[in-house]
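First comes the structure, then the notes that go with it.
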Amino acid sequence: SSFDLNSVAHGTSPAYSLHTEHPSGAQYADYLDALARAAKLHVRTSTEVVAVRAKGAKGKPPLFSVEVRPSSAGGPAAAAEELRARYVVWAAGE
């Protein structure tokens with residue numbers, strides 16, 4: 001069985017909603033934005049991840065400490081903020 005490498009879940013495809021087999025970067029970004037809004041996800045853009053640390057105890061559910069700060073375009077670095085998460089997804093673009 002095959003699947004769409006651009007999908008965010010098995011059995012889905014941006015091709016269905018975008019009506020194109022090979023969406024542009026802008027089209028794919030719009031697709032992801034629509035999915036995030038539909039799922040009511042709080043997505044932070046222009047954010048630098050400073051550190052990720054495993055904090056969960058052995059045998060317990062996973063827990064991570066994620067240190068983030070707004071990206072600075074050549075200016076002084078903003079103060080870091082600590083977030084806690086059960087899961088961390090590494091998502092890097094080309």
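The values are calculated or read from the model by the stated rules, or taken from the named source; none is laboratory data. Bear in mind the structure is a predicted one, so any value in this text is a computation, not a measurement. Don't worry about glycine lacking a Cβ; one is built from the backbone with ideal geometry, like all the others, and counts go over all protein chains shown. Please note that ligands, DNA and RNA were not included when accessible areas were found on the heavy atoms of the full protein model with its side chains. Shrake-Rupley method; radii C 1.70, N 1.55, O 1.52, S 1.80 Å.
Below is a table of values for the structure above.
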{"read-out": "Filter result for THR20 (assigned to a loop (DSSP other than H, G, I, E, B) and surrounded by 13 or more Cβ atoms within 10 Å (Cβ to Cβ))", "value": "no"}
{"read-out": "Filtered residue count, region 55-94, keeping only those that are exposed (fewer than 10 other Cβ atoms within 10 Å of the Cβ) and either farther than 30 Å from SER24 by Cα or modelled with pLDDT of 90 or more (or both)", "value": "10"}
{"read-out": "Close pairs from region 2-27: first farther than 16 Å from ALA39 by Cα and acidic (Asp, Glu), partner part of a loop (DSSP other than H, G, I, E, B) and at pLDDT below 75, Cβ under 8 Å, at least 6 apart", "value": "ASP4/THR12"}
{"read-out": "Verdict on ALA15 being open to solvent by less than 60 Å² (accessible area, probe 1.4 Å) and at pLDDT 85 or above", "value": "no"}
